[in-house]
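J.: Let me give you the structure first, and then I'll get to my questions.
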Amino acid sequence: MQTTLAALAVITVGYILAYLVFDRLRDRFGYVGGAEYVFIGFLLGPRITGLLGAEQVQDLTPIVSLALGWLGMLLGTYFRLPTMATIEASHLRIAFSEALITFGCALGALLALFHSLLGYPWPEATVQAVTLAAVATLSSSAAIDAVSRKAGQVAPIFPVLQLTARIDALVGVAAFGLLLAVFHLGQVSLEVRPPTATEWAVINLAVGVASGVLFHLFLGPRGHLHEVEGNSRLFVALAGAIVVASGASYYLNLSPIFTNLVLGFILANSGSAHRDVTRLLLNTERPVYLALLIFAGAAWSPSSPELLFVAPLFVLVRLGARFLGGWTAGAVIAPPELRTPKLGRALLAQGGIAVALAVNYTQVRPDLNADVILTATLVSVLLFDIVASREIGQVVGRTTSSSGLERKEEHVAEPLRQ
Amino acid sequence: MIRRLVVLMLLVGGAVLLEPLRAPTEGVIAPRSLFLFGILLLTADTFGALAHDLRVPRLLGYLVAGLALGPSVAGIVPAGVLDDLGMMKRLAVGLIAVLAGAELRLADLRQRGRVIATILVLQTAFVLVAVIATTLLSSRWIPFLDGISGSPAFFVALLFAVMLTVNSPMVTLALLTEAGARGPLARTTLGVVLVADVVVILLFTGSFSLAQASLGGAAAGAPQIMAQLLWEVLKAVLAGVVIGSIMSLYLHFVKRELVVFAVVVVFATAGAAEALHFELLLTLVIAGFLVENVAPVRAEPLVETLHQAAIPVFVVFFAMTGAELRVQEFVGFWPVVVGLVLVRMVAIYTSGRLGGRWAGAEEPVTRYGWTGLVPQAGVALGLATTVADRLPGIGVPMQTLTVGIIALNQALGPILFRRGLERAGEVTIQ
């Protein structure tokens, strides 16, 4: 009894100390991450106090799946077609080129790492390399939004950065979703022919589309649910929708993040409930992200010696790929008025989706270096979250000094949201 | 409504289509469980809305949805899935316990202490006497008294009666949240059911030991029983103080991300409760109470956050409770079940009216206070399971009968209490 209660007390004190340390980072560097939550998850988990044993961590799967799907759906709601149609073509060119070049560079380097250096056969090397390349490509708009809010003024590059962050997330999630379909794991029932990789990809998309259409009907075409029954009912309906879609994906060993991205995209583009759905998802994004960090901390069980160099190498690979992708998009592809050679420096923050992909990987491919992938992701996310805000500030500072400031009211609206 | 029901049917149909695309797996929480949990949530929400349209409490809709999908009726959500999702239910119980504790204000207890104590004592006494008398008088129809007579029959009847004194803090809080009720009736009922929750644990442990001893089982002596009782309560109080202190420290130093914090606290406490064998509900009620009433911090942000999260939590809890009901097991005893429900209700009605009058309670409390004491749910089900596990000879039939009574009280109680709150003029959310 005393041991357990003492463990609870130690965790509390440890967490509060960690919180105070990171709070200083928040003040000094505009830190937006949640490293203290990984820490508390690790303390609670089977490795340290065991208050959440391995079995109980497994029991948390419904909450984790909800969190994964929640972030995927939120990402999907960003891509509302009427709003996207108003985005300048040059912004889209910058965003897509940055995302694709970053992904390509990271993939090349990681394939070399896993196949040539660590000696994995091509299929296994590809699975790990694509997963980490997807994680490397992701960038979070939270830090950009935070700097934008703090500055009170915005440079012309802000909308480009916000758009690029979302396209990065789209490319990362789509690549990961496609990976799980192409390198599908798991057996089908004896009565049916095993689907091909293309068929799995189509099934993956179809689950998302079918879920989207059904929940569009479930919520009602005119946002009826929200107006009459309030946010809590909408929360329950959305949670149910996400858990159903995630459950279907898990059942098929596919990515619930991708499925919910498609679901979110359809909800955002159908009916008038999209505003309420997006608002609710945004309001709950941070708790969901932090819950995911706690779970990642609890599930984290580092043991492989490869961790020692894969995680630092991954950080370097991401840095290199990001800078290269940012330079190509910002210096070569961008028009003169948006030229930002150090664009990649403003896209260092990774955020919740990165952790979500890594957690999803540990659930779908526990057999293939799940610890390595999770550790590399956590190290990268936590590290880049610390420096992200300062880097954004410096990049934006440079851009504003050359282009002049504009009032926030004119440009602060997020580019993909109405 | 029809549209939503059609969507739910299509979802279930879609699940059937996907079935052959994966061979069954074991080990971790089954992906199928996750899918069915989502279906359960959506169905509960739909049935809740339907119940609201029919002017009955939403939680009845959640219960019916769970029952309809559960193993008793359609079997879409099988028992294995409910086992997989046990942690979700514990989370729901834990969050509501913290909220219930925080809702229990010391000032209210001081002001209404006499009324609460009088109603509680009378309710306990009247229900015990009425149920014991009825059970013994109609022993030939009571399955667990078959072949038992004399003092063993009395102590077994006492154990059974204790389970029927249990109220339901979950149902009370769910209804008060749904109705937005904060008047004298709401506060008195909440006080009675929460204090009764502590009292019943003591009564149950004592009566269980007596029944066990009278049936010839390995029973402890009176001093040992008392020591065990005190230790059980002490453990829960001690753990409650520690958890309450942790929550206070957090509210003092951090004050952020309160939903995440509350979830972590509940999971950590559930882990500790499992390891150390203390009562999760009681511990978290004490923790919530201490944060609200004793700790030198403002608990409002936490209480407000828990209120906002309450409805989804209620949906999970009541839908799963409904799914766990095994209707077919007690349907053969329906005359006994109905008879005992009526006896219990009359005892509660009489004690509520008398208690309110003797203690000088407000008119609405005297007239309608009894309605809040009828519902039964999780705690009573838990006690019935304990009896079935530890005294299988009499425990299993006793559990069957108790579950039937709880099911009926669960169905009638919320309707009565909602009506009571309406008549008392305390419903602020229609």
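The values are calculated or read from the model by the stated rules, or taken from the named source; none is laboratory data. If you're wondering where the values come from, they're calculated on a predicted model, not measured in any experiment. Neighbour counts are summed over all protein chains in view; Cβ atoms, including those assigned to glycine, are modelled from backbone coordinates with ideal geometry.
J.: Can you tell which of B:L120, B:L85, B:L137, B:L104 is free of Cβ contacts under 8 Å to residues at least 24 places away in the same chain and among the hydrophobic types (A, V, I, L, M, F, W, C)? Full working, then the answer.
T.: Details: B:L120 fails: free of Cβ contacts under 8 Å to residues at least 24 places away in the same chain; B:L85 fails: free of Cβ contacts under 8 Å to residues at least 24 places away in the same chain; B:L104 fails: free of Cβ contacts under 8 Å to residues at least 24 places away in the same chain.
The conditions single out B:L137.
J.: Go through the range B:270-293 and report how many residues are at pLDDT 85 or above and closer than 18 Å to A:T49 by Cβ.
T.: Filtering the range B:270-293 for residues at pLDDT 85 or above gives B:283-293.
Those still in the list that are closer than 18 Å to A:T49 by Cβ too: B:283.
Number satisfying all stated conditions: 1.
J.: Which number in (1) within 17 Å of the chain's Cα centre (by Cα); (2) buried (at least 24 other Cβ atoms within 10 Å of the Cβ); (3) over 30 Å from B:Q308 (Cβ atoms); (4) not hydrophobic (A, V, I, L, M, F, W, C) marks the one condition that A:G326 misses?
T.: (1)
J.: A follow-up question, please. Got at least one residue in the range A:362-378 being touching a residue at least 24 places away in the same chain (Cβ under 8 Å) and within 18 Å of A:I144 (Cα to Cα)?
T.: no
J.: Kindly establish whether A:P302 is over 30 Å from B:A179 (Cβ atoms), assigned to a loop (DSSP other than H, G, I, E, B) and away from chain B (no Cβ under 12 Å). Before the answer, list the steps.
T.: Working: over 30 Å from B:A179 (Cβ atoms): yes; assigned to a loop (DSSP other than H, G, I, E, B): yes; away from chain B (no Cβ under 12 Å): yes.
Considered against the rule, which asks whether it is over 30 Å from B:A179 (Cβ atoms), assigned to a loop (DSSP other than H, G, I, E, B) and away from chain B (no Cβ under 12 Å), A:P302 comes out as yes.
J.: When only residues in the range B:29-65 that are surrounded by fewer than 24 Cβ atoms within 10 Å (Cβ to Cβ) and basic (K, R) count, which is farthest from A:E55 (Cα to Cα)?
T.: Looking at residues that are surrounded by fewer than 24 Cβ atoms within 10 Å (Cβ to Cβ) and basic (K, R), I get B:R55.
J.: Would a scan of the range A:248-259 turn up a residue that is crowded, with 24+ Cβ neighbours inside 10 Å, away from chain B (no Cβ under 14 Å), assigned to a helix (DSSP H, G or I) and at pLDDT 85 or above?
T.: Yes, the range A:248-259 contains at least one residue that is crowded, with 24+ Cβ neighbours inside 10 Å, away from chain B (no Cβ under 14 Å), assigned to a helix (DSSP H, G or I) and at pLDDT 85 or above.
J.: Looking at A:L178, A:L170, A:L110, which one is buried (at least 24 other Cβ atoms within 10 Å of the Cβ) and either under 22 Å from the mean Cα position of the chain (by Cα) or at pLDDT 95 or above (or both)? Outline the logic, then answer.
T.: Values: A:L178 fails: buried (at least 24 other Cβ atoms within 10 Å of the Cβ); A:L170 fails: buried (at least 24 other Cβ atoms within 10 Å of the Cβ).
Selected residue: A:L110, the only one of A:L178, A:L170, A:L110 that is buried (at least 24 other Cβ atoms within 10 Å of the Cβ) and either under 22 Å from the mean Cα position of the chain (by Cα) or at pLDDT 95 or above (or both).
J.: Out of all the residues in the range B:73-81, is one or more farther than 26 Å from A:S249 by Cα and not assigned by TED's automatic domain parsing to the domain that holds B:T305?
T.: Taking the range B:73-81 and keeping what is farther than 26 Å from A:S249 by Cα, we get B:73.
If we keep only those that are not assigned by TED's automatic domain parsing to the domain that holds B:T305 as well, we get B:73.
Yes: the range B:73-81 contains one or more residues that are farther than 26 Å from A:S249 by Cα and not assigned by TED's automatic domain parsing to the domain that holds B:T305.
J.: Within the range A:129-159, can you find the residues that are surrounded by 22 or more Cβ atoms within 10 Å (Cβ to Cβ), part of a helix (DSSP H, G or I) and modelled with pLDDT under 90?
T.: Listed by number, the residues that qualify are A:A143, A:I144, A:V147, A:S148, A:I157, A:F158, A:P159.
Each row is one residue, and each column tells you yes or no for (1) crowded, with 19+ Cβ neighbours inside 10 Å; (2) hydroxyl-bearing (S, T, Y); (3) more than 17 Å from B:V341 (Cα to Cα).
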site	(1), (2), (3)
B:P392	no, no, yes
B:G395	yes, no, yes
B:Q399	yes, no, no
B:T402	yes, yes, no
B:I405	yes, no, no
B:Q410	yes, no, no
B:P414	yes, no, no
B:G420	yes, no, yes
B:R423	no, no, yes
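J.: Same structure, new question: Within the range B:329-397, considering only helices (runs of 4 or more DSSP H) that don't extend past its boundaries, which have at least 1 residues that are within 22 Å of the chain's Cα centre (by Cα) and modelled with pLDDT under 85?
T.: Values: elements: B:334-359, B:363-368, B:378-390.
Where helices (runs of 4 or more DSSP H) fall fully within the range B:329-397 and carry at least 1 residues being within 22 Å of the chain's Cα centre (by Cα) and modelled with pLDDT under 85, they are B:378-390.
J.: I'd like to check something: does the range A:208-215 contain any residue that is hydrophobic (A, V, I, L, M, F, W, C), at pLDDT 85 or above and surrounded by fewer than 20 Cβ atoms within 10 Å (Cβ to Cβ)? Spell out how you get there, then give the answer.
T.: Step one: of the range A:208-215, the residues hydrophobic (A, V, I, L, M, F, W, C) are A:209-210, A:213-215.
Imposing the further condition that a residue be at pLDDT 85 or above reduces the set to A:209-210, A:213-215.
Narrowing the set further to residues that are surrounded by fewer than 20 Cβ atoms within 10 Å (Cβ to Cβ) leaves A:209, A:213.
Yes, some residue in the range A:208-215 is hydrophobic (A, V, I, L, M, F, W, C), at pLDDT 85 or above and surrounded by fewer than 20 Cβ atoms within 10 Å (Cβ to Cβ).
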